[in-house]
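Computed from the coordinates by the stated procedures, all read-outs in this text should not be read as laboratory data. Keep in mind that what you see is a predicted model, and the values were worked out from it rather than measured. Here the Cβ positions follow ideal geometry from the backbone for every residue, glycine too, while neighbour counts run over all protein chains shown.
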Amino acid sequence: MRPHGMALDPAVGDVTSTVLAIGRPDFPKVLIDTLRSQAGVGHCMVFALSRAGAASCVLDAGNIPIGGDLGAAYAGQFHQSDPNRDALFEGEGGAPMMLPAFAPRMYGARYRKIFFQDSGIVDKCATAIWTGDTCFYVNFYRIAAQGRFDAAQRERLEAIAPAISASVARHFQQAATATPDQNLAALFATRAPLSALTPREQEVCRRILAGYSSEAISRALGISLHSTLTYRKRAYERLGISSQNELFSIVLGLLAGVRSLN
């Protein structure tokens, strides 16, 4: 069922899978798969910008190995020197915007080195949408191995951008109101090494993090105490840990967000 208030133009119906993934832990994967199949996008990053000046990277998916570092660097300082900044902050209401494309030479030398030369990015398109005081800035990239977007891909991106940006905004609005358990479930479903655990191992570990005893976990999942202890042992082995404190450390490290650039 399509989320309330989301209407798709028949011309962009091929992004339906992304719309239907709103609020789900696999939204980033579905989004990048859609962008790859529809417009040849290699990587996607989404930044949340506030009118007060704060910035954060809320989504990083695709084929750029240092994407997390780039997201942290942009949110930390480089958002202030983005040539699109004026266009972003002139946005009104909730209408999606397709932003102008700038050649690398239009960026400052340090920006150009980090975001183009070091990363291998050769082309970028972007769209954005404001929801209240937050702008979701959605960036689509191609790396050297792919070459630049061709005319047909740019045209396709322009066609699907309104539905994509609206889907991104709705997804993160829902995530902001998610319960702690929903946020933890999303973390286990999407972030390594937790995502490598089996579904049952994830259920056991999530309850360990919530403070359940082994006996309480057994009752909650309807399994024997022996099975609970076995799932815990296997999960810890997969994660390379031996204690609950180490499990907490992994989760806290992931919740801390992307690493900052060296």
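Could you pull the Rg and Dmax for the chain, using just the Cα atoms, both in Å?
Taking only Cα atoms of the chain, I get Rg and Dmax of 20.3, 63 Å.
Given Cα pairs under 8 Å that are at least 6 residues apart, what percent is the relative contact order of the chain?
20 percent
Please give the helix 199-209 orientation as an angle from the longest Cα principal axis of the chain, in degrees from 0 to 90, rounded to the nearest 10.
That helix lies at roughly 80 degrees to the long axis.
Go ahead and run the numbers for FRET between residue 113 and residue 243, Cβ-Cβ distance against an R0 of 30 Å, rounding to 0.05.
Here the calculated transfer efficiency is 0.10.
Could you check the spin-label model distance between residue 215 and residue 185? Points 7 Å from the Cα along Cα→Cβ, value in nm.
2.8 nm
How do 88, 49 rank when sorted from fewest to most other Cβ atoms within 10 Å of their own Cβ?
Ascending number of Cβ neighbours within 10 Å: 88, 49.
Give me 168, 58 sorted ascending by neighbouring Cβ count inside 10 Å, so fewest comes first.
58, 168
How large is the Rg to Rh ratio of the stretch 89-162 when both quantities use alpha carbon positions and Rh follows Kirkwood?
Result for the stretch 89-162 is an Rg/Rh of 1.01.
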